[in-house]
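Heads up, the thing below is written out as structure tokens.
The values are calculated or read from the model by the stated rules, or taken from the named source; none is laboratory data. Only a predicted model underlies this, so the values are computations on that prediction, with no experimental measurement involved. Counting neighbours? That spans all protein chains shown, and the Cβs are built from the backbone with ideal geometry, glycine included.
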Amino acid sequence: MYKIDKIQKEYKKMHLIGKVISIITYIILIPIIIFNFTLIIKSFINPNKTPDFFGYKNFVIVSGSMEPTIKIGDAIFVKEVPEEEIKEKDIISFDEDGVIVTHRVVDIIEEDGVKKYKTKGDNNNTSDKELTTYDKIEGKYQFKINQFGLIIDILKNRFTLIALILIVVLVSLNKSRIDKKKQLRKEKRQKYDEEN
């Protein structure tokens, strides 16, 4: 009797661990799939524009120009904001000859009614040579995830998206199969108890 109780306790414990793993898998993977799927669709619809998710865009930092505030390998998230919300000392991401640069606004100059932004990397000795304009700004810095850039790059890959979808489908099928087996066992046990 003691062994049966111990086996049942171990089974319940393993079942609980399996349930927790399934829930965590769904909580993590489903938002990632939705996020990536949205970005991929938006990049197909408008290939000349950086895709966003509810106004948020993310970039992976590849240079040390903003250290120590933002480091190489960090994943940053910027948001499209109205022009009047961009102030001095704000960090912005902008397009500079096809390359996205993330630097701090150090001065705002108005020329012929057009605002131009002088930018500089926190770790750089001099300001950027070119002034940027609002139409080139991808967004204003909101937050970062330290050293998450490599994972973000991997997750942006279409093959990774397919793999994640397959994982969710396989986990769902496996859970369904286990639930079905449990239900059959329960029915057999009830039938056996009724007959005896």
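What about residue 134, is it buried (at least 17 other Cβ atoms within 10 Å of the Cβ) and farther than 22 Å from residue 24 by Cα?
Details: buried (at least 17 other Cβ atoms within 10 Å of the Cβ): no; farther than 22 Å from residue 24 by Cα: yes.
So residue 134 does not fit the description; no.
Inside the range 22-74, can you point out the residues that are more than 18 Å from residue 102 (Cβ to Cβ) and of a type in the set (D, E, K, R)? Across the range 22-74, the qualifying residue is only 42.
For residue 95, are the conditions met, namely being in a strand (DSSP E or B) and under 27 Å from residue 37 (Cβ atoms)? Taking the combined requirement at face value, the residue satisfies it. Just for the range 158-187: of the residues that are surrounded by fewer than 13 Cβ atoms within 10 Å (Cβ to Cβ) and closer than 23 Å to residue 74 by Cα, which one is modelled with the lowest pLDDT? Of everything passing the filter in the range 158-187, 158 is modelled with the lowest pLDDT.
Of all the residues in the range 106-142, those that are on the phi < 0 side of the Ramachandran plot and free of Cβ contacts under 8 Å to residues at least 24 places away in the same chain number 17.
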